[in-house]
Amino acid sequence: MIGKNGNFPPQVIQVSAKPAKRVKHIPQRTCVGCRTVLPKRALTRVVRQPDGVQIDPTGKLPGRGAYLHNVRSCWERALKGGLANALKVTLSEADRQLLSDFMATLPEEAAEEA
Ligand SMILES: [Zn+2]
(Lines give C-alpha, C1' and ligand atoms only; values in the text may rest on other atoms or scores of the structure.)
Protein backbone atom coordinates (compact mmCIF):
# COMPACT_ATOMS: atom_id res chain seq x y z
CA MET A 1 0.00 0.00 0.00
CA ILE A 2 1.23 3.50 -0.84
CA GLY A 3 1.02 6.24 1.79
CA LYS A 4 -2.13 8.33 2.17
CA ASN A 5 -0.53 11.37 0.52
CA GLY A 6 -0.53 9.33 -2.59
CA ASN A 7 2.62 10.48 -4.23
CA PHE A 8 2.84 7.33 -6.13
CA PRO A 9 -0.42 6.33 -7.65
CA PRO A 10 -0.29 2.62 -8.05
CA GLN A 11 -0.01 2.70 -11.74
CA VAL A 12 1.92 0.20 -13.65
CA ILE A 13 4.74 1.95 -15.31
CA GLN A 14 4.55 1.19 -18.94
CA VAL A 15 7.76 -0.33 -19.96
CA SER A 16 7.60 -0.56 -23.65
CA ALA A 17 8.95 -3.99 -24.05
CA LYS A 18 8.21 -4.22 -27.69
CA PRO A 19 10.48 -6.78 -29.22
CA ALA A 20 12.18 -5.36 -32.24
CA LYS A 21 9.76 -6.05 -35.02
CA ARG A 22 11.18 -8.62 -37.30
CA VAL A 23 11.86 -6.84 -40.49
CA LYS A 24 11.84 -9.18 -43.37
CA HIS A 25 15.44 -9.42 -44.24
CA ILE A 26 17.33 -11.90 -46.27
CA PRO A 27 20.26 -13.42 -44.45
CA GLN A 28 23.47 -12.68 -46.24
CA ARG A 29 26.61 -14.73 -46.12
CA THR A 30 30.02 -14.49 -47.64
CA CYS A 31 31.18 -17.12 -50.06
CA VAL A 32 34.59 -18.33 -48.95
CA GLY A 33 35.47 -19.01 -52.55
CA CYS A 34 35.04 -15.56 -54.06
CA ARG A 35 34.25 -13.44 -51.01
CA THR A 36 31.01 -12.22 -52.49
CA VAL A 37 28.18 -11.56 -50.10
CA LEU A 38 25.06 -13.36 -51.22
CA PRO A 39 21.67 -14.36 -49.93
CA LYS A 40 22.10 -17.49 -47.88
CA ARG A 41 20.00 -19.58 -50.18
CA ALA A 42 22.41 -19.06 -53.04
CA LEU A 43 25.05 -20.70 -50.91
CA THR A 44 25.75 -24.12 -49.48
CA ARG A 45 26.94 -24.47 -45.96
CA VAL A 46 29.84 -26.68 -45.14
CA VAL A 47 30.19 -27.48 -41.50
CA ARG A 48 33.02 -28.81 -39.45
CA GLN A 49 32.17 -31.93 -37.51
CA PRO A 50 34.34 -33.91 -35.10
CA ASP A 51 34.88 -36.53 -37.75
CA GLY A 52 35.43 -34.24 -40.68
CA VAL A 53 33.60 -31.71 -42.75
CA GLN A 54 30.10 -32.20 -43.93
CA ILE A 55 27.78 -30.61 -46.44
CA ASP A 56 24.91 -29.04 -44.60
CA PRO A 57 22.06 -28.32 -46.98
CA THR A 58 19.69 -27.41 -44.16
CA GLY A 59 22.14 -24.99 -42.59
CA LYS A 60 21.18 -26.35 -39.20
CA LEU A 61 24.02 -28.56 -38.18
CA PRO A 62 25.96 -27.39 -35.17
CA GLY A 63 29.57 -26.56 -35.58
CA ARG A 64 31.70 -24.08 -37.34
CA GLY A 65 30.35 -23.43 -40.78
CA ALA A 66 31.44 -21.78 -43.97
CA TYR A 67 29.36 -20.83 -46.95
CA LEU A 68 30.06 -21.48 -50.54
CA HIS A 69 28.41 -20.40 -53.72
CA ASN A 70 26.55 -23.08 -55.57
CA VAL A 71 29.01 -22.91 -58.37
CA ARG A 72 31.94 -25.15 -59.07
CA SER A 73 34.60 -22.53 -59.51
CA CYS A 74 34.07 -21.24 -55.99
CA TRP A 75 34.42 -24.71 -54.54
CA GLU A 76 37.59 -25.27 -56.48
CA ARG A 77 38.98 -22.06 -55.17
CA ALA A 78 37.80 -22.74 -51.64
CA LEU A 79 39.34 -26.18 -51.65
CA LYS A 80 42.69 -24.61 -52.32
CA GLY A 81 42.68 -22.99 -48.92
CA GLY A 82 39.80 -20.66 -48.26
CA LEU A 83 37.57 -23.32 -46.86
CA ALA A 84 40.10 -24.94 -44.57
CA ASN A 85 40.94 -21.48 -43.41
CA ALA A 86 37.37 -20.51 -42.72
CA LEU A 87 36.69 -23.73 -40.86
CA LYS A 88 40.07 -23.74 -39.16
CA VAL A 89 40.74 -27.31 -40.13
CA THR A 90 43.07 -29.17 -42.34
CA LEU A 91 41.04 -30.99 -44.90
CA SER A 92 41.63 -34.69 -44.91
CA GLU A 93 41.55 -36.83 -48.01
CA ALA A 94 38.07 -37.95 -47.07
CA ASP A 95 36.97 -34.37 -46.66
CA ARG A 96 38.32 -33.43 -50.04
CA GLN A 97 36.64 -36.41 -51.58
CA LEU A 98 33.32 -35.47 -50.07
CA LEU A 99 33.62 -31.90 -51.18
CA SER A 100 34.73 -32.84 -54.67
CA ASP A 101 31.81 -35.19 -55.00
CA PHE A 102 29.45 -32.44 -54.05
CA MET A 103 31.21 -30.00 -56.28
CA ALA A 104 30.70 -32.31 -59.21
CA THR A 105 26.95 -31.91 -58.84
CA LEU A 106 27.18 -28.14 -59.12
CA PRO A 107 26.88 -26.12 -62.28
CA GLU A 108 30.01 -24.61 -63.72
CA GLU A 109 28.64 -21.11 -63.55
CA ALA A 110 26.41 -19.35 -61.10
CA ALA A 111 22.79 -19.12 -62.01
CA GLU A 112 22.76 -15.38 -61.56
CA GLU A 113 20.60 -13.59 -59.03
CA ALA A 114 18.18 -16.14 -57.70
ZN1 LIG B 1 31.62 -17.64 -54.63
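The values are calculated or read from the model by the stated rules, or taken from the named source; none is laboratory data. Predicted, not measured: the structure shown is a model, and the values here were computed from it. Heads up, the Cβs are rebuilt from the backbone with ideal geometry, glycines too, and the neighbour counts pull from every protein chain shown.
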Quick check on residue 60: is it at negative phi and either part of a loop (DSSP other than H, G, I, E, B) or of a type in the set (A, V, I, L, M, F, W, C) (or both)? yes
Long-range neighbours under 9 Å by Cβ, at least six apart or interchain, first residue under 16 Å from residue 107 (Cβ atoms) and within 8 Å of the ligand (Cβ to nearest atom) within the range 73-88, second of a type in the set (Ser, Thr, Tyr) and not in a helix (DSSP H, G or I): 74/36
Among the candidates 83, 98, 91, residue that is assigned to a loop (DSSP other than H, G, I, E, B) and at pLDDT 95 or above: 91
Say we look at the range 21-72 and pick out the residues that are under 22 Å from residue 100 (Cβ atoms), in contact with a strand residue (DSSP E or B) (Cβ under 6 Å, 6 or more places away or on another chain) and more than 16 Å from the ligand (Cβ to nearest atom); which of these is modelled with the lowest pLDDT? 59
Residue 23 vs (1) among the aliphatic types (A, V, I, L, M); (2) under 14 Å from the mean Cα position of the chain (by Cα); (3) surrounded by fewer than 14 Cβ atoms within 10 Å (Cβ to Cβ): all pass except (2)
Considering 84, 78, 66, 94, which residue is exposed (fewer than 13 other Cβ atoms within 10 Å of the Cβ), of a type in the set (A, V, I, L, M) and within 21 Å of residue 49 (Cβ to Cβ)? 94
